[in-house]
Amino acid sequence: MAEQANTPGTEGRDISRLRFFLSGLLLLQLIGAFLPGPLLWGINHLAYAPLIVRILPPLLGLLVVWSPWGERLGAWLAGRIAPLLDRRLIVYLLLPLLGGSVFWLLRTASHFLGDGWLIGELMEEGMRFHGYDFLDYHLHARAFMLLRPHLQITSFEVFAVASVIAGAAYLAAAAYVVRGLATDAASRLLLYALLVLLPPLQIFMGYVECYAHLMVCTLLYLGLLARHLRGEVPLWAPATAFACGLFFHMDAVFLAPLLAVPVFWPAPGRASSFFGRLLAVALPVLTAIALGIAIYLLGGYNRQWYEFDFLTGRRFERVFVELTGHHGLLSLTHWKDVINLLLLLAPVPLALLLAAGPRLRAQWRTSRARTPLVAGCIWLILLTVILHMKLGVARDWDLFAAQAPIFAVTAFLAWAPLAAGKSGARLIGPVAAVALVLCLPWFWLNAGDERSVQRFSDVIGDLPGHARAYAHEEIAKYHRDRGDFQAALEEYTTATRIFPGNARFHTALAALHYNHGGNRDSAFVAFRRALEVDSTFAIALQMVARIHFERAELEEALPYARRLAGQRSETAKAAVLHGLVAEQLRLYEEADAAFRRATARDPAMRGVFERVARLAMQRGEPGRAEIAYRELLRLSPRSVPARQGIIVAVHTQYAAAPEAWVDEPHRRRMAEAVRLLESLVAEGRANAELIDRSSALRRGLGGGD
């Protein structure tokens, strides 16, 4: 059904309302420029700029909105820039390449937004899976594991490069959606501006998170869905785009209800049965899920990983916001954060939708493409209100970043009739100018190291306790990695003071004392506090045992080492420490078992094999000693202890039962021991005892001395 055209009167009223809403955004930006902190965290990005820069952009924006310059700017854009969007080479190649370069130049200087620090660290530690991040995280991890042996690259750099590549793909996808939804050059420019001048494009600027590819797929999904609802493309097209998003990240389900609309409300000109439409949606989605699960299983995913990702590791996590409390649904703080989140996600598209509100209500029955998307916007806003964001709304803003294009696409559909005619110049100029003025400070802010850290420190002031302590821990890591240990110490101390019931915060503080401050006593106290909070915390158990060992307090160290023994959280280093403590206490069997656990966890630990072999010899097990020495020789072919140990172990076994050493496998081992002695003699590392043992082996082989 065709959309109703606007009359000159309603058109003028819509433009006037839009000017007021755009002006409100600019005034909020101007006020926020002098209010750093959590009150206006979604729009106060200019608060970290020089004074003139704080004032000039919003004033220029107001000038464009209210003066003839706005219409002139729109006319110039519509006449000179808009026709470029009709050229495929420009929109599908040149603009993505140029945009990717800009994204790289403006890449984020820190990783505080979202859960970037944690994700990068987990990948550095070798974790291949990460819960709801699904294939996006896993594929990043696979790429990192493939590249790391050949390139000096970090996990953070892998994410940065991948996000920029996804950003270039987003610009190409935006061009595809624009060319499909808009019919004339001016309308295309309006939609393109709304899609590329969005603050959430930050996730394409070296951003360490798992939402970049989802955002590309979401944009395609929304564009194809709008076209299907107009009867232009088959239902399987938006369903496939949605399935691709779900393949990358489970947050795609936020907009899944929209896909049910064409199943129950058939698009015009798309005659098919209900089951045919259901199959067109279900088949791509189920295929994507099956493919993702198959890749997971091939990558080593199992029941233990599943339980950790979705059961054990998330057992106490809330899904919805609490009703009461300082950050509850009924609190002013919560609604302040929701409004700021919307200001950060899609300020100009939301202003367009609010300005067109009366017309949308009057025409809601007449637009098949627009009405479902308006409902989708309302649904997404509802999710921002009710879903619990464990990092705090200001930091977990990117949870909904990938879905932000729905506001841009819906706003365009609401204003497309005005953008197509001569009135388009009145619309495009102010909209593009205000969108640019609002998003550029956000990109600039996060591209700077010190200013992004300062902004992050300011906005976390009213986060919930654990989220605020976690944020201080992240700032501490930032200072620690840059060698400012005093600043890191203050941040870690703040984290433990805000939320003393978290063992990790105490352990991080203790590790800083131990590794950088050289203060073993303070470290010991902090590690003990961590164990008071959680008596099973692995790092704290290992480090308390280690400090006791360094103090020669072996009896005190042993119980802590034993509590970790054989646990999944026990590292190779923890097992070695257990072995050293037990060895010095003459608990040789326990020490041998600990060293063997260490080699099982990290076969590259060469020194451990020597200890295992030596303990085996002390316990009268030369066969086991020989095996350990051979592992050491495999890892280090010129190892003197390994060659000497094999000679001694082989001779000891031969001397105990020479009659058993007459078959070919035994003779080969004897011959190898003789050759190893020859290499030691050539290097001047053979003593008289080894020569005597080798001579006995030569005689056993039938040769002379």
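Does any residue of the range 191-202 turn out to be of a type in the set (Phe, Trp, Tyr), open to solvent by 30 Å² or more (accessible area, probe 1.4 Å) and farther than 12 Å from Met215 by Cα? Can you show your working first?
First, pick out the residues of the range 191-202 that are of a type in the set (Phe, Trp, Tyr): 192.
Next, only the ones that are open to solvent by 30 Å² or more (accessible area, probe 1.4 Å) stay: none.
The answer is no, given that none of the residues of the range 191-202 is of a type in the set (Phe, Trp, Tyr), open to solvent by 30 Å² or more (accessible area, probe 1.4 Å) and farther than 12 Å from Met215 by Cα.
Give me a count of the residues in the range 648-665 that are farther than 22 Å from Leu615 by Cα and surrounded by 11 or more Cβ atoms within 10 Å (Cβ to Cβ). Spell out how you get there, then give the answer.
Start the filter on the range 648-665 by keeping residues that are farther than 22 Å from Leu615 by Cα, which leaves 658-665.
Of the ones still in play, those that are also surrounded by 11 or more Cβ atoms within 10 Å (Cβ to Cβ) are 658, 661.
Residues in the range 648-665 being farther than 22 Å from Leu615 by Cα and surrounded by 11 or more Cβ atoms within 10 Å (Cβ to Cβ): 2 in total.
One line per residue, one yes/no per condition, for (1) buried (at least 18 other Cβ atoms within 10 Å of the Cβ); (2) not polar (S, T, N, Q):
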position	(1), (2)
Val263	yes, yes
Leu311	no, yes
Leu323	no, yes
Thr333	no, no
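Having 2 or more residues that are open to solvent by 20 Å² or more (accessible area, probe 1.4 Å) and within 23 Å of Glu583 (Cα to Cα) is the bar; report the helices (runs of 4 or more DSSP H) wholly within the range 463-564 that clear it.
Numbers: elements: 465-481, 485-498, 503-512, 520-533, 538-550, 554-564.
By residue number, 538-550, 554-564.
Being out of contact with any helix residue (DSSP H, G or I) (no Cβ under 7 Å at 6 or more places or on another chain), among the hydrophobic types (A, V, I, L, M, F, W, C) and either under 17 Å from Trp41 (Cβ atoms) or part of a loop (DSSP other than H, G, I, E, B) (or both) is the filter here; which residues of the range 383-398 pass it? Can you show your working first?
First, pick out the residues of the range 383-398 that are out of contact with any helix residue (DSSP H, G or I) (no Cβ under 7 Å at 6 or more places or on another chain): 386-388, 396.
Okay, now just the ones that are also among the hydrophobic types (A, V, I, L, M, F, W, C), so 386-387.
None; the set is empty.
Open to solvent by less than 10 Å² (accessible area, probe 1.4 Å), under 24 Å from Pro405 (Cα atoms), assigned to a loop (DSSP other than H, G, I, E, B) and not hydroxyl-bearing (Ser, Thr, Tyr), is that true of Phe112? Let's see the steps before the verdict.
On the way: open to solvent by less than 10 Å² (accessible area, probe 1.4 Å): yes; under 24 Å from Pro405 (Cα atoms): yes; assigned to a loop (DSSP other than H, G, I, E, B): yes; not hydroxyl-bearing (Ser, Thr, Tyr): yes.
Taking the combined requirement at face value, the residue satisfies it.
For Leu676, state whether it is touching a Phe, Trp or Tyr at 6+ places or on another chain (Cβ under 7 Å) and either in contact (Cβ under 8 Å) with a residue 12 or more places away in the chain or within 22 Å of Val612 (Cα to Cα) (or both). Full working, then the answer.
Details: touching a Phe, Trp or Tyr at 6+ places or on another chain (Cβ under 7 Å): no; either in contact (Cβ under 8 Å) with a residue 12 or more places away in the chain or within 22 Å of Val612 (Cα to Cα) (or both): yes.
So Leu676 does not fit the description; no.
Kindly establish whether Val374 is more than 15 Å from Gly114 (Cα to Cα), among the β-branched types (Val, Ile, Thr) and in a helix (DSSP H, G or I). It would help to see each step written out before you state the result.
Details: more than 15 Å from Gly114 (Cα to Cα): yes; among the β-branched types (Val, Ile, Thr): yes; in a helix (DSSP H, G or I): yes.
So Val374 passes the test.
Output the number of residues of the range 45-95 satisfying the condition of being over 24 Å from Leu344 (Cα atoms) and either in contact (Cβ under 8 Å) with a residue 40 or more places away in the chain or assigned to a helix (DSSP H, G or I) (or both). Give the derivation first.
Step one: of the range 45-95, the residues over 24 Å from Leu344 (Cα atoms) are 67-69, 71-95.
Okay, now just the ones that are also either in contact (Cβ under 8 Å) with a residue 40 or more places away in the chain or assigned to a helix (DSSP H, G or I) (or both), so 68-69, 71-86, 88-95.
The qualifying residues number 26.
Based on what the data block shows, is Tyr306 open to solvent by 30 Å² or more (accessible area, probe 1.4 Å) and in a helix (DSSP H, G or I)? Don't jump to the end; show me each part of the working.
Working: open to solvent by 30 Å² or more (accessible area, probe 1.4 Å): yes; in a helix (DSSP H, G or I): yes.
Here the answer is yes, as Tyr306 does meet what is asked.
Take the range 245-258 and flag every residue that is within 13 Å of Tyr221 (Cα to Cα) and surrounded by fewer than 21 Cβ atoms within 10 Å (Cβ to Cβ).
If the condition is that a residue be within 13 Å of Tyr221 (Cα to Cα) and surrounded by fewer than 21 Cβ atoms within 10 Å (Cβ to Cβ), then Val253, Ala256, Pro257 are the ones that fit.
Would you check which residues across the range 34-53 are crowded, with 16+ Cβ neighbours inside 10 Å and either in contact with a Pro (Cβ under 9 Å, 6 or more places away or on another chain) or under 30 Å from Val177 (Cα atoms) (or both) and list them?
Gly42, Ile43, Asn44, His45, Leu46, Ala47, Tyr48, Ala49 - these are the residues of the range 34-53 that are crowded, with 16+ Cβ neighbours inside 10 Å and either in contact with a Pro (Cβ under 9 Å, 6 or more places away or on another chain) or under 30 Å from Val177 (Cα atoms) (or both).
Scanning the range 609-627 for residues that are open to solvent by 10 Å² or more (accessible area, probe 1.4 Å) and of a type in the set (A, V, I, L, M, F, W, C), which turns out nearest to His666 (Cα to Cα)?
Restricting to residues being open to solvent by 10 Å² or more (accessible area, probe 1.4 Å) and of a type in the set (A, V, I, L, M, F, W, C), the top hit is Ile627.
Determine, yes or no, whether Val178 is in a helix (DSSP H, G or I) and open to solvent by 20 Å² or more (accessible area, probe 1.4 Å). Talk me through it step by step, then tell me what you get.
Working: in a helix (DSSP H, G or I): yes; open to solvent by 20 Å² or more (accessible area, probe 1.4 Å): no.
So Val178 does not fit the description; no.
So Glu590 fits all but one of (1) touching a residue at least 24 places away in the same chain (Cβ under 8 Å); (2) open to solvent by 10 Å² or more (accessible area, probe 1.4 Å); (3) closer than 30 Å to Arg630 by Cβ; (4) more than 29 Å from the chain's Cα centre (by Cα); what number is the exception?
Here Glu590 meets the rest and fails (1).
Considering only residues that are over 19 Å from Trp305 (Cα atoms) and either polar (S, T, N, Q) or open to solvent by less than 10 Å² (accessible area, probe 1.4 Å) (or both), which ones fall in the range 115-153?
The answer is Gly116, Phe144, Gln152.
Which of (1) modelled with pLDDT under 95; (2) touching a Gly at 6+ places or on another chain (Cβ under 6 Å); (3) in a helix (DSSP H, G or I); (4) under 22 Å from Leu171 (Cα atoms) does Phe103 not meet, given it meets every other one?
Only one criterion in (1) modelled with pLDDT under 95; (2) touching a Gly at 6+ places or on another chain (Cβ under 6 Å); (3) in a helix (DSSP H, G or I); (4) under 22 Å from Leu171 (Cα atoms) is unmet by Phe103, namely (1).
So which of Arg668, Arg698 ends up being loosely packed, with under 12 Cβ neighbours inside 10 Å and either among the hydrophobic types (A, V, I, L, M, F, W, C) or farther than 15 Å from Val640 by Cα (or both)?
On the way: Arg698 fails: loosely packed, with under 12 Cβ neighbours inside 10 Å.
None of the other options fit; the residue is Arg668.
The values are calculated or read from the model by the stated rules, or taken from the named source; none is laboratory data. Just so it is clear, the structure is predicted and the values come from calculations on it, not from any experiment. Note: ideal-geometry Cβ built from the backbone for every residue, glycine included; neighbour counts use all protein chains shown. Surface areas here come from the heavy atoms of the whole protein model, side chains and all, with no ligands, DNA or RNA. Shrake-Rupley method; radii C 1.70, N 1.55, O 1.52, S 1.80 Å.
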